[in-house]
Structures are given as structure tokens and as C-alpha cells.
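The values are calculated or read from the model by the stated rules, or taken from the named source; none is laboratory data. Predicted model, so just to flag it, every value in this text is computed and none were measured. FYI the Cβ positions are ideal-geometry reconstructions off the backbone, even for glycines, and counts take in every protein chain you see. Please note that ligands, DNA and RNA were not included when accessible areas were found on the heavy atoms of the full protein model with its side chains. Shrake-Rupley method; radii C 1.70, N 1.55, O 1.52, S 1.80 Å.
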Amino acid sequence: MIDATPSVFDASLSKPGAGIDAFVDRHAPGTMHTYYGSGKVALRDGLAGLVEPGENVVVPAYLSPAVVEPLHELGLESRYYAIEASLAPDFDDLEARIDDDTAAVMSVNYFGFPQPGLDRIAALTDEYDCYHIDDNAHSPLSVHEGTLLGTHGDLGITTLRKLLPVPDGAVLYRTGETVNEWFSPSSLAGRSDRIATTDCRFVATSVAESVLQISPSLHRSVEAVLADGADDSSSVDPVNRYEAAKVPMSKCSAVVADAADPDAIRTVRRENFRVWQRVLDDREDVTPLYEHLPAGISPYEFPVRATDSDSFRAELGNLGVVGAHSWPTLREAVREDGTYETSVRLADNLVALPVHQGIEPSAIEAVGDRLPK
Ligand SMILES: Cc1ncc(COP(=O)(O)O)c(C=O)c1O
């Protein structure tokens, strides 16, 4: 079985002295960062001191529906820019949406890769004197040409839940001077003690398996807590989803993040990405979104365009790949507007295959042996 997320009981996950914090300090020295329970709340807090109600933020149309909710809470209008098939912005469309009330433009590093055109977005935000938000929710460990993704803009976010088996967790990056000056963290900033420390210590240790044998009920309770926080892209309406995200980062997540071994995790994800590449190479009905895996990239998933995404997902499901899914569920306003045809087509065709560190490359090979060519 190839699940959507890694398990907390994966011993290879942790190493003393490693951790996400040290990784960020190493790859983005000088960038201020603050922990949150969710990227959405991190985004709200990062922007709150910088914007006025009535202003707008220009975001890509190819986006999960709840991501604009924090903008709406701040009284901002969300404006969608069209994207190209490469996931680059349609720059004519993007530029046409910027006006005097534009507070910020958001780029999104999809699936752990830098959004094509990132430098041009930065140039545009300079030209129009607005903030650049570097949304890097998908992959906290991607470093591209020496820059940690998420730290390209004036402010950025990343989501730990998409990397680690944790119920919550996100980081707000603040690179711009003004952003730091006006930053006033809400009560949801930082880490909390929401989950009992004993559970956390248990989760974080690499001797989890031996403890497990002594205490299967503890195993079940921790798994249940984590399952509750798992990403369910099919779920609830965007407003409820945002409300549910208003939690500080739990102690449990903090401990896992501190123990995680970023380099080891990135290595396994890259290896699994390459195995999917090989395994699907002969399939004419399936086209990978990314041909190359540049150095430093930690892929979130292996995304492909499938001519018939439903049957491809079903095919994978029959072979035990339960973690393959479509992405994202677009907002109705996007789906119904012909300007966003490319985003709609992509969302309809896309299948994201899991590459997380809990998967043995041989499990993907085994799927490949059974997949029709
Ligand atoms: C591109 C993108 N940005 C932001 C977010 C929000 O992150 P979080 O779920 O941590 O609030 C998501 C989550 O799905 C996302 O896909």
C-alpha cells in the first residue's frame, strides 16, 4: 500500500541535532521566521500590518479554495490571474489585474518546484510597488539556486503538514524590512502545548517501534490525532476549512519538526520522484509535469497530466496506491470563468502521486511492474 502521508513511526525520519529550524537557519540566514498551525493563518498575520481593507491581492487561479480566506478576513479582494500550462503566470493577464489598490501579488511554488517566472513576478511587484508573497506551502525543504523557496518575496509561507506526519504546522518567512517592522503576531503565532508531552516524546523518538510493542493503545491514539489533522482536499467549504486552521502549532508537531532529518527526507523524496519518472516513462496517456528534478528540490509529489485522470487514479488504487489524488478543487468563480481554462483543464487532468519518505522506492517499482505499459 502506498499511502498519501508518511507514518510517525518511520524511524528514518529523525536524527538528533537536525530539525527544520536548523535547516531554515542554514539556508535562509537573516530571514525572520515564526511558527503557526497553518499556512493560511501565517499568511494573515504576515499581511495584517501591511494592508488596508478594500485593497486587493492578485493570486494564481490554480489554487486551493481556502487560501484566499485569510485575505477576505483582512477585508481584501482576491483577484485571480490566469496561468500557462507550464504553471507560469499569464503575465498579460496578471499585469492587467494590478491597479493602485493592489497590496500584493502571490506566486506559488507548485509541488516543491519554483513557479516559472518567479523573477519576473518579483520585478513586477517592484515596478508596481506592492508586496510579493512567496507561497511555498508545498515543500519546506526545496532550495533552488541557493535560495530556500518561500523566501523569495517580502513574505512567504510554508506548510509542515505536507512534509511531515504532523497534524498541523507552518512557517511564516519575513524577508522585507517593512514586513518585519509592521509584523505583530496574533495569539496563534508560535508553538503550543496542545498535545500531551508524553505523546510527543514518544512520536519523536526513533525507538518508536519498540515502544509500540509495549503500548499499542498509545500508537492508536497518536495515529488518531494525526489522522484528524490530515489534509483532506475533498473536505468542507473554504470558510470552515479556514476556521478549522486557526490553531497554533501543536507541541506534537513542534517535536517532530525538531527531530526531522531534512537532508535524509529530501533524498528519499527525490529518489521516489525518479522512480515514478522511470515507471511511467512508457505511458503515452500520462505526461509528467516536470521533466527535470533540479538539485536542491524536495518534491512534494510526482504530478502528471493524465488523459483520463479518473481511470488512471482507479488503476493506481487497484494496485494499492491510495495516496494518488487530483489537485486542487478550484473555486466555482474560477471554474466558471473561461479566462481560467488552462487552470481548469489542468485541475481536471492532474494526478499527484506520493513520493514521501515513508515509501520504499521498491514499492513504486513493484507498482510499475504491474501497471500496463
Ligand atoms: C498553494 C497552497 N498555499 C497555501 C496553502 C495553505 O496551507 P495550510 O493548509 O497550511 O493553511 C495550501 C494548502 O493546501 C496550498 O496548497
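A few remarks follow.
- Matching residues in segment 124-145 - criterion: being in contact (Cβ under 8 Å) with a residue 60 or more places away in the chain and assigned to a strand (DSSP E or B): Y131, I133, D135, V143, H144
Yes/no per residue for (1) away from the ligand (no atom under 13 Å from the Cβ); (2) open to solvent by 50 Å² or more (accessible area, probe 1.4 Å):
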position: D93; (1), (2): yes, no
position: D100; (1), (2): yes, yes
position: M106; (1), (2): no, no
position: D134; (1), (2): no, no
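- First in segment 256-267 and farther than 17 Å from D193 by Cα and of a type outside the set (A, V, I, L, M), second anywhere and modelled with pLDDT under 90 and open to solvent by less than 20 Å² (accessible area, probe 1.4 Å), Cβ under 7 Å, 6 or more apart: D261/L13
- Candidate set from segment 16-74 (those that are of a type in the set (A, V, I, L, M, F, W, C) and out of contact with any strand residue (DSSP E or B) (no Cβ under 8 Å at 6 or more places or on another chain)); member that is farthest from the ligand (Cβ to nearest atom): A22
- The single condition among (1) at pLDDT below 95; (2) in a helix (DSSP H, G or I); (3) open to solvent by 50 Å² or more (accessible area, probe 1.4 Å) that S233 does not meet is (2).
- Among the residues of segment 53-63, those identified as in contact (Cβ under 8 Å) with a residue 40 or more places away in the chain and at negative phi are E55, N56, V57, V58, V59, P60, A61, Y62, L63.
- Candidate set from segment 146-180 (those that are among the acidic types (D, E) and farther than 11 Å from G46 by Cα); member that is most open to solvent (accessible area, probe 1.4 Å): E177
- Failed condition for S192, given (1) at pLDDT below 95; (2) open to solvent by less than 10 Å² (accessible area, probe 1.4 Å): (2)
- For segment 143-156, the candidate set comprises residues that are out of contact with any strand residue (DSSP E or B) (no Cβ under 6 Å at 6 or more places or on another chain) and more than 14 Å from D21 (Cα to Cα); within that set, the residue that is farthest from the ligand (Cβ to nearest atom) is G146.
- Test: residue in segment 21-36 that is crowded, with 16+ Cβ neighbours inside 10 Å, in a loop (DSSP other than H, G, I, E, B) and modelled with pLDDT under 95: no
- Pairs are defined by a Cβ separation below 7 Å, a sequence spacing of at least 6 or placement on different chains, a first member in segment 27-39 that is within 13 Å of A254 (Cβ to Cβ), and a second member that is within 8 Å of the ligand (Cβ to nearest atom) and modelled with pLDDT of 95 or more; the pairs so defined are Y36/A42; Y36/A170; G37/A170.
- Applying a threshold of 7 Å to beta carbon distances and a minimum spacing of six or more residues, or different chains, the list of pairs starting in segment 64-79 at a residue that is farther than 20 Å from T158 by Cβ and ending at one that is within 14 Å of the ligand (Cβ to nearest atom) and of a type in the set (S, T, Y) reads H72/S78.
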